[in-house]
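See below for the structure under consideration.
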Amino acid sequence: MSARTASTQRIADPLEILRKNWGYDSFRPMQREIIDSVLGGNDTLGLLPTGGGKSITFQVPALAFEGLTVVVTPLISLMKDQVDNLLQRGVQAVCLHSGLTRAEHKYGIDRCMLGRAKLLYVSPERLQSKQFIDQLSLMKVSLLVVDEAHCISQWGYDFRPSYLNIVRLREIFPSVPVLALTASATPEVRTDIMSRLAFRGENVFALSFARPNISYAVRYVDHKDTMLLRALRATSGTAIVYVRSRRRTYELAQMLQREGISALHYHAGLSPDDKSDRQERWKRGEVRVIVATNAFGMGIDKPDVRLVVHYDLPPSLEEYYQEAGRAGRDGRESYALVIASKPDKGLLTRRVGEAFPPRDYIRKVYELACVFCGIAVGEGFEVVREFDLATFCNRFHLQPAPARSALMLLTRAGWLEYVEDAATRSRIMLTAGKTELYDLRLDGVTDSVLQLVLRTYTGLFADYVNISESLIARRLNLTEEQVYQSLLALCRAHVASYVPHSENPYIYFTTAREETRHVLIPRDIYEVQRERMAVRVRAIQDFVFGASSCRVARMLRYFGETQVDMCGKCDVCREQNMHRPTKKETIRFEENVIRLAAQPGGRTIGYIAEQLSAKPERVIEVVRELMDDGTVVMTGDKIQTVQCE
Ligand code: ADP
């Protein structure tokens, strides 16, 4: 069969695949519908809330179809987690991203070509490489999956220009169905996703985004620390506290520890070992609270988070929903709390300005980034360079926030691709055969490192395996530097291929360096996007600072749901319920109003309200009803009972 014609032949029942490979008894809501639609060969857009189980919706079809499922996903860390997870379940999967060596890349491609992999995860920027596309077109692809599909829409909060290349795959594999998945998409983003992915017909499967086991609340305070402590003390179980600065993650975690609450901080700048160590300790429940930037959470699957606190406000309702949604994945009662202060509202508005520095400044940042990466005009096409923002800003005396915004805008405009989520773990593959290892002459330290690697990790001869230099160092009582040098020595001896971890984000130059004056930032990237950001900011401002109606209902309407009930448990609903009197209370209240109005000459509304410790509006409401049924009348400003003759 040609590579261009997909096989839609089913080889097994989806439920059987689920049971056999994942050990789950049944599908979660909407999973089956999405899977059936995909297996029927239909282009499908699946909208499931965070934790809804999106991965299963393509992993099960991947196993049901013959051939390969290609998954485009933007987050390298997520991609690696999923591949590791699948490999543990015995499902052959490969990931390709710009953090790999040439050898790793080739090895991955070969496995797909030979039909040894069922799933291939790729980062969107891979699709810019002609060589990769050529290789892909020789593979037998049965399904194309676009994860985090909102990234394809310029209307979305997380637009990534390289996502626009995905549609090229559709031209290569015209009969292969596409499955687009996202956890949040407003109605216009949904339509946009389907049109940009050239859907053959509109086909959306959406689960309500309501999360009935989460109680949302906002508290307005002057002292956020006090409120945070109160919330953590009033609840039990694991918690996440989101802040917007790396420094604050550290400061707050320290503060919580001083107050006797076990806490760790987390942000993208920590080393990969440190990050995974912190994640694991929190996941195992050794530490109760993780104080993190938004770098934390994607792909982290801890079902029993009881409380998610936003100490700082996120810039959109979409992000808020995703982060808050990490609470209560197990379906048990959980809380999402926003701690807001008066200045927060203005802060959000100001962020819109910061995200769009002047165009001259953006051009300057482009030029300096090229200089920093050693790229001359006319050169640099498809070059990848590590890019440390702090060093860059120090060297050229730039403020990090606007410089970062400029890089993001250059990314959106397609001049380069600045990728922050680039942390890759150290990995090693043994290239010498098992027998050759016996004949090696290595120095004592290197030999002990090799022996420990062989004892600790499996699968070393077949593929790259993640390793931790610090763990090896601890076990052998060596320094990390000694371990690093030994691993390099193994490479020099042609025993192993070793890729040390990289912590730095990188820039991928999508075009050759242009003359600075030609670096244009189009209106639809600048003015139009600025307005869209302003709209998103207004939505989160309304969610946090508007207190007139159910918060959940407002959020769901923003996500395009029309059948929306009051949640009954957010702070606004609770407040309203608290003041809604029971029938018995209403009757008693009416009787009291009549008693006071029956006094000679009647009484004023103000007097009655004061006597009954009630709001005047409530008295007016009752008096109106009593007037309607003829029990009382109003004479001047006095309420009097009607005397029966
Ligand atoms: P999402 O990507 O939608 O946030 P995931 O795909 O990471 O969610 O799934 C969340 C969790 O739910 C994972 O632990 C996954 O294994 C689990 N899960 C998914 N489908 C099922 C199912 N049918 N039965 C039980 N658990 C499931």
Whether region 462-550 is rounded, prolate or oblate, judged on the alpha carbon gyration tensor where a/c under 1.5 counts as rounded: oblate
FRET efficiency, E591 to M566 (Cβ-Cβ, R0 25 Å, nearest 0.05): 0.25
Label point distance in nm, T458-M408, each placed 7 Å from Cα along Cα→Cβ: 4.3 nm
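Based on the mean of other Cβ atoms within 10 Å per residue, sort peptides 320-332, 598-610, 541-553 so the most packed one is first.
So the order, starting with the most tightly packed, is 320-332, 541-553, 598-610.
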Distant-in-sequence amide H partners of T238 (H built 1.01 Å from N, under 5 Å): R306
Net charge of neighbours whose Cβ lies under 14 Å from the Cβ of L442, counting Lys and Arg as +1 and Asp and Glu as -1: -2
For R513, R618, order by how many other beta-carbon atoms lie within 10 Å, fewest first: R618, R513
Exposure proxy order (Cβ contacts within 10 Å, fewest to most) of M408, M79: M408, M79
Rounded tilt (10° steps) of 527-545 against the dominant C-alpha axis of the chain: 50 degrees
Kirkwood hydrodynamic radius of region 382-454, Cα pairs, Å: 16.5 Å
Dimensionless Rg ratio for region 303-451, taking C-alpha atoms and the 2.2 N^0.38 Å reference: 1.61
Long-range HN-HN contacts of V632 with modeled amide H, under 5 Å: M627, V642
Degrees between helix 272-283 axis and first principal axis of the chain (Cα, 0 to 90, nearest 10): 40 degrees
Point-charge dipole on Cβ atoms (K/R +1, D/E -1) for region 524-564, about Cα centre, debye to 20: 180 debye
Global geometry of region 570-616, whether rounded, prolate or oblate, following the gyration tensor of its Cα atoms and the 1.5 cut on a/c: oblate
For H310, distant residues with modelled amide H under 5 Å away: Y242, L337, V338, I339
Expected-Rg normalisation [2.2 N^0.38 Å, Cα atoms] applied to the chain: 1.16
Extent along principal axes [Cα atoms of region 180-243; Å; largest to smallest]: 54, 24, 17
Antiparallel %, DSSP beta bridges [both residues in the chain], to 5: 30 percent
Vicinal HN-Hα couplings computed from phi for region 560-570 (Karplus, 6.51 cos²θ - 1.76 cosθ + 1.60; Hz; Gly/Pro x): x, 7, 9, 7, 10, 9, 5, 6, x, 9, 6
Length gained when the stretch M113-S175 is fully extended (0.36 nm per residue, less Cα-Cα span): 20.4 nm
Rounded tilt (10° steps) of 246-258 against the dominant C-alpha axis of the chain: 70 degrees
Global form of region 49-155, assessed from the alpha-carbon gyration tensor, a/c cut-off 1.5: rounded
Footprinting exposure proxy for Y438, Y418 (fewest neighbouring C-beta atoms within 10 Å first): Y438, Y418
Compactness of region 264-328 - radius of gyration and Dmax, Cα, Å: 11.6, 32
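Coordinate-derived values only; no laboratory data. These numbers come from a predicted model, not from an experiment. Virtual Cβ from ideal backbone geometry, glycine too; neighbours counted across all protein chains shown.
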